[in-house]
Each structure stands twice: as structure tokens, then as C-alpha cells.
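The values are calculated or read from the model by the stated rules, or taken from the named source; none is laboratory data. Just so it is clear, the model here is predicted, and its values are computed rather than measured. Cβ atoms come from the backbone with ideal geometry, glycine included; neighbour counts cover every protein chain shown. For accessibility, only protein heavy atoms count, side chains too; no ligands or nucleic acids. Shrake-Rupley method; radii C 1.70, N 1.55, O 1.52, S 1.80 Å.
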Amino acid sequence: MCQQTGTTKMDQQKVHAIFFSPARSTKKIVEAIAGGIPGELVIHDITQGIYKPIELSSSDIAVVGVPAFSGSVPALAAQYISQIKGNGAKTIIACAYGNCHYENTLSELSNICVEAGFIPISSGAFVSRHSMFPELGKGRPDARDLDNACQFGKKSIMHSRIMNGGEFKTQDDMSNRPQGVVPLVAKAGADCNFCGRCVQACPVSAIDARNPKKTDKKACISCTRCIDVCPYGARKFSGLMYMITKKRLIDKNKDRKEIEINIPL
């Protein structure tokens, strides 16, 4: 396991782990990255919004992470991050993706962070279990992924330099992969006992509090948080479109993908 060693001047700084993580894989990755950085760890789970102001200082380090939704930063995550005051804090940006592709996610996240006053110093794309098609990236992030994330945090701080006046360029391939959105909504089956966990956890309040089997299709962002928190395994995706998309993605993305990082020297 990745462990901090020795004592440095940075031990007194604050390390802010900021994540939008409906299915909780991004949370694991961001916390692992932050775990490799000396300092007082401060956790900010913004999945369901920001309920008190978040303001950093220029001496702080931040790790900001989101999942890739159809190759982009989730709109809700972008909205929440823009409410944070970065104040020049050096920032590691990270995204989690389901062993398929992350397309423009890191570039978008970098731009969003810069607009919020952060200064990106490195970026990393990590494989996680695909939230909609869990056969992809099954078991990820695993122990190796999390150790790599921790080492990435260490190396980012050791070699960070400000590039292009704070404008950070990632190495995403934006030209060859078409973007698309899968218009799917998770539904509750017979095992649903109306406990309301999904209602409370939904970031966009798309599930009817009186009848959790009803979901507002226009409001739902297919983040799968309701599936992840359901203690009875009652919620899932189904239908012909889901099965066709699932088969196509699994056939194309069977091989294990590894971390992709960019640390400017």
C-alpha cells in the first residue's frame, strides 16, 4: 500500500479531496490520490450539492474528481465545482471511467477548475466499475489502481510546476470517438420495499418520495446512485436498448485499461 513517509514542510497544509461520486468509485480514487500527499485531509463530497461555502487558500492542495458521463464532466458536477473558491490552490484533477473511454472529461474538468480559481498541476484518468454496465471494469478500482493513485498524488506534488500561466493542457484524444448519451433510467422491481434510501440519495430528486418506483425520466441523469445505495438490489436497468448497448460496449472494451496520467515537469 502507498504510505506517506518522512516529514516535510507540507505536513501542515490542508489537502482537500473534492469529488462528485454517485456510485462512489470516484470517491475511492480521489481519497487514494489525496492519501499520498502530506497534510491535513479535508473531505468534500459534493455529490448532492454544496451546503456550506468551500473556500481554499493558495497554500492548500486540492484533488478534484468526477466520473466521465458520456465522455464529459457531469453538468451537475460542473455546477457545484464552479461554486467553490479555489483561490490559487494547486490542484490534481482526476476522472473515473468504466474501462471504455473518458474523451473530453479531463480537459473540461481542467477548464472548470481554472474558472473556479484552482491551478491544475496534473491529471489522471482511472478505470472504475462502469456504473451502468458493471461487467465493464468489474472490481475496479482494485488494490493496484488505488496504490497507483496514491503514487500519482505523491509524484504530482514532487514535480508540479505551473504551466502556461495556469492554463493546463491534458492529453485527451478528442477527435476519433463519437460522443453519445444513453437515455436509460433505472427502475425498481418487485424487491422494492419503499424504504426511501434511493429518494434521499438521488442528486437530482428524480425519484418520487411517495412511490419510489416512479422516476422522473426528464430529471434523471442515469448516475446510478440509486442502484448503489439500494440495500435490496431492487433497482436496475433493463430493456432491449440497454441489452444492445451493453453487448456492444463489452465486445469493444474487454481488455483491461490502466491509469493514464499527465504530470508536467
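Say we look at segment 45-72 and pick out the residues that are within 19 Å of residue 223 (Cβ to Cβ), in a strand (DSSP E or B) and touching a residue at least 40 places away in the same chain (Cβ under 8 Å); which of these is most open to solvent (accessible area, probe 1.4 Å)?
Residue satisfying both the conditions and the ranking: 69.
Could you list, in sequence order, all residues of segment 189-205 that are in a loop (DSSP other than H, G, I, E, B) and either of a type in the set (Ser, Thr, Tyr) or open to solvent by less than 90 Å² (accessible area, probe 1.4 Å) (or both)? Please lay out each step first, then the result.
Here is the first cut: in segment 189-205, the residues in a loop (DSSP other than H, G, I, E, B) are 189-196, 202-205.
189, 192, 193, 195, 196, 202, 203, 204, 205, listed by residue number.
Restricting the first residue to segment 13-29 and requiring it to be among the hydroxyl-bearing types (Ser, Thr, Tyr), which pairs with a second residue that is in a loop (DSSP other than H, G, I, E, B) meet a Cβ separation below 8 Å and a spacing of at least six or different chains?
Short answer, once both residue conditions are applied: 21/47; 25/128; 25/129; 25/131; 25/140; 25/141; 26/20; 26/128.
So for segment 81-98 (the condition being of a type in the set (D, E, K, R) and under 23 Å from residue 159 (Cβ atoms)), does at least one residue qualify? Lay out the reasoning, then the answer.
Residues of segment 81-98 that are of a type in the set (D, E, K, R), as a first pass: 85, 90.
Going one step further and asking which of them are under 23 Å from residue 159 (Cβ atoms), we end up with 90.
Yes.
Quick one: count up the residues across segment 111-132 that are under 30 Å from residue 250 (Cβ atoms) and of a type in the set (S, T, N, Q). Give the steps one after another, and end with the answer.
As a first pass, look at segment 111-132 and keep what is under 30 Å from residue 250 (Cβ atoms): 123-132.
Within this subset, residues satisfying the condition of being of a type in the set (S, T, N, Q) are 123, 128, 131.
Number of matching residues: 3.
Give segment 217-265 a look and list any residue that's free of Cβ contacts under 8 Å to residues at least 12 places away in the same chain and assigned to a loop (DSSP other than H, G, I, E, B), or say none. Please lay out each step first, then the result.
Applying the first criterion (free of Cβ contacts under 8 Å to residues at least 12 places away in the same chain) to segment 217-265 yields 218, 240, 243-244, 247-248, 251, 254-255.
Residues satisfying the conditions are 218, 254, 255.
Of the residues that sit in segment 131-152 and are of a type in the set (Asp, Glu) and under 15 Å from residue 256 (Cβ atoms), which one is surrounded by the most Cβ atoms within 10 Å (Cβ to Cβ)?
We begin by selecting, within segment 131-152, every residue of a type in the set (Asp, Glu); these are 135, 142, 145, 147.
Checking the rest, the ones that are also under 15 Å from residue 256 (Cβ atoms) come to 135, 142, 145.
On the way: 135: 14, 142: 15, 145: 22.
Only one residue tops the list, namely 145.
Filter segment 206-234 for residues that are surrounded by 13 or more Cβ atoms within 10 Å (Cβ to Cβ) and on the phi > 0 side of the Ramachandran plot and give the result.
Selection gives 222, 224.
Which one of these does residue 79 not meet: (1) of a type outside the set (A, V, I, L, M, F, W, C); (2) without any contact (Cβ under 8 Å) to a residue 24 or more places away in the chain; (3) open to solvent by less than 10 Å² (accessible area, probe 1.4 Å)?
Going through the list (1) of a type outside the set (A, V, I, L, M, F, W, C); (2) without any contact (Cβ under 8 Å) to a residue 24 or more places away in the chain; (3) open to solvent by less than 10 Å² (accessible area, probe 1.4 Å), residue 79 breaks only (3).
Residue by residue, here is whether (1) hydroxyl-bearing (Ser, Thr, Tyr); (2) assigned to a loop (DSSP other than H, G, I, E, B); (3) touching a residue at least 40 places away in the same chain (Cβ under 8 Å); (4) out of contact with any Ser or Thr (no Cβ under 9 Å at 6 or more places or on another chain) holds:
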| position | (1), (2), (3), (4) |
| --- | --- |
| 124 | no, no, yes, no |
| 129 | no, yes, yes, no |
| 141 | no, yes, yes, no |
| 144 | no, no, no, yes |
